[in-house]
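Working notes for the structure below.
Just so it is clear, none of the values below were taken in a lab; they were calculated from the coordinates. This one's a predicted model, so the numbers in the text were calculated from it and none came from an experiment. Positions of Cβ are backbone-derived with ideal geometry, glycine not excepted, and every protein chain shown enters the neighbour counts.
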């Protein structure tokens, strides 16, 4: 102890030591806070980078899957089977089956020409109601200008390899037959 410390009371000496400790902590605190902030910023940058990399990978995979699906559709239509089942390496089954899509399409150009009105006047359901109320449009006209488009698409799905056995009526209890 120095001579000045001998002259001071123990409370004053303790308070001085505490003040010295606090000063060193306040100097270290901003450095620790800066390090935490820098670490947090680096983690955010890394997460953002990985996020956009994953989005790019997903986009590429989706494009590849579209091309594969088109190739599968072409190969499927060359065959004559209604359904193709392929066993996958994990034991599941991939099932390729046709999907029939039908939709009715109204040819507005020809309808407008027959009605002798501009095509732009046949846009909304209100327009059709108005012309029907005026007697310019009849259900027969709509039927004449409506065609059915049929499209066959391929559906691909994954199924678990379960044995699907249907129960015969002999296996069912009396009250369920």
Along its three principal axes, how long is the range 84-159 when you only count alpha carbons? Whole Å, largest extent first please.
65, 20, 18
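If I stretch the segment between residue 102 and residue 132 completely, what's the gain in nm (0.36 nm per residue apart, minus their alpha carbon distance), one decimal? Numbers along the way, then the final one.
Working: separation 30, 0.36 × 30 = 10.80 nm, distance 2.64 nm.
Gain in length upon complete extension: 8.2 nm.
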Figure the gain on full extension for residue 158 and residue 95 (residue separation times 0.36 nm, minus the Cα-Cα span) and round it to one decimal in nm.
22.1 nm
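Could you rank the peptides 120-133, 38-51 by their average count of other C-beta atoms within 10 Å per residue, with the highest value first? The partial results should precede the final answer.
On the way: 120-133: 12.1, 38-51: 10.0.
Result, highest mean first: 120-133, 38-51.
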